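> Once you've had a glance at the structure underneath, I'll fire off some questions.
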């Protein structure tokens with residue numbers, strides 16, 4: 001009886017994604033950061049449901065108080081529980097990061113794949129548009145857009161009798177504004193990788209079989225770009241969260257009664273001399289989350305590097 005070769009069996013049983021996951025598990029710092037992000041996400045999603053205080057409830061008699069047994073992270077100038085607001089702010093900031101990054105990926109990946117696969121004049125035209133947009137100060141445009149849109153939207157909602165929708169509508173506008181300008185880098189990266197892939201044998205074989213360009217992009221190129229897309233997404237989320245926090249810090253982002261980490265940091269900065277805990281806790285959690293996202297992105301980049309298998 002012929003016994004199977006263990007080396008051959010393990011090679012056939014392995015997959016690129018399985019190998020990548022095993023390499024990621026060896027990256028201890030990235031794994032710890034992933035666990036930390038999972039804990040933060042779960043706390044932000046489910047924590048407010050079990051909190052004894054609603055994030056918008058005010059207690060003007062209580063006012064700002066330091067951390068205590070009743071309020072673990074203290075209260076703000078309006079007597080609102082800081083922990084409840086920190087969890088809701090994290091829910092908003094993380095949602096903005098995920099949703100805006102999804103918009104970035106949809107636009108950037110589609111645009112970059114079409115430009116790279118088409119080549120020729122269409123590619124040059126599409127990339128010149130990217131170059132022109134890239135030269136514009138997009139942060140200034142986002143701020144101007146929020147300034148110009150904010151008042152008309154609030155006025156229209158008030159006339160319609162839906163003034164309470166204004167914070168959510170403005171949050172949606174902020175998502176669209178960030179996603180509409182952040183996709184440029186993604187388009188460049190995907191276009192460059194698509195130019196490399198389209199000259200390989202598997203794409204030539206698909207063309208020879210009469211596959212349409214749309215199916216080649218969807219069935220052949222996109223799966224080979226998945227690793228790059230995952231890595232870029234993990235690196236894009238912190239930059240989007242940072243941009244949202246910056247805009248909220250200027251008072252143009254999330255509006256009351258909603259809040260975000262950027263809004264909480266702004267409120268803490270305004271009162272940091274008298275009530276330092278209002279700045280300390282959101283700043284620490286915000287910084288740790290950004291660090292964790294970047295370390296997870298580095299770990300995924302190393303794990304999904306196709307050269308890692310060759311080096312073994």
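The values are calculated or read from the model by the stated rules, or taken from the named source; none is laboratory data. Quantities reported herein were computed from a predicted structural model and do not represent experimental measurements. Neighbour counts run over all protein chains shown; Cβ positions are idealised from the backbone, glycine included.
> Mind counting the residues in region 108-130 that are over 23 Å from the mean Cα position of the chain (by Cα) and under 25 Å from residue 240 (Cα atoms)?
Result for region 108-130: 6.
> Still on this model: Here are 132, 103: which of them is at pLDDT 85 or above, out of contact with any helix residue (DSSP H, G or I) (no Cβ under 9 Å at 6 or more places or on another chain) and either in a helix (DSSP H, G or I) or surrounded by 13 or more Cβ atoms within 10 Å (Cβ to Cβ) (or both)?
132
> Considering only region 49-66, how many residues are within 14 Å of residue 85 (Cα to Cα) and touching a residue at least 60 places away in the same chain (Cβ under 8 Å)?
Residues flagged as within 14 Å of residue 85 (Cα to Cα) and touching a residue at least 60 places away in the same chain (Cβ under 8 Å) within region 49-66 amount to 3.
> So, in region 67-81, of the ones that are without any contact (Cβ under 8 Å) to a residue 24 or more places away in the chain and out of contact with any helix residue (DSSP H, G or I) (no Cβ under 9 Å at 6 or more places or on another chain), which residue ends up surrounded by the fewest Cβ atoms within 10 Å (Cβ to Cβ)?
Only one residue tops the list, namely 69.
> Moving on to the next point. Are there any pairs, at least 6 apart or on different chains, whose C-beta atoms fall under 6 Å, with the first in region 107-124 and more than 15 Å from residue 216 (Cβ to Cβ) and the second modelled with pLDDT under 95 and not in a helix (DSSP H, G or I), and if so, which?
Hits for this filter: zero, empty list.
> Would you mind finding the one in 214, 210 that is in a loop (DSSP other than H, G, I, E, B), over 20 Å from residue 89 (Cα atoms) and free of Cβ contacts under 8 Å to residues at least 60 places away in the same chain?
210
> Here's a follow-up. State whether one or more residues within region 185-194 are surrounded by 20 or more Cβ atoms within 10 Å (Cβ to Cβ) and under 23 Å from residue 244 (Cα atoms).
As a first pass, look at region 185-194 and keep what is surrounded by 20 or more Cβ atoms within 10 Å (Cβ to Cβ): 186-187, 190-191, 194.
Subset that is under 23 Å from residue 244 (Cα atoms): 186-187.
Yes, some residue in region 185-194 is surrounded by 20 or more Cβ atoms within 10 Å (Cβ to Cβ) and under 23 Å from residue 244 (Cα atoms).
> Using the structure shown, decide if residue 249 is farther than 30 Å from residue 124 by Cα, surrounded by fewer than 19 Cβ atoms within 10 Å (Cβ to Cβ) and free of Cβ contacts under 8 Å to residues at least 40 places away in the same chain.
yes
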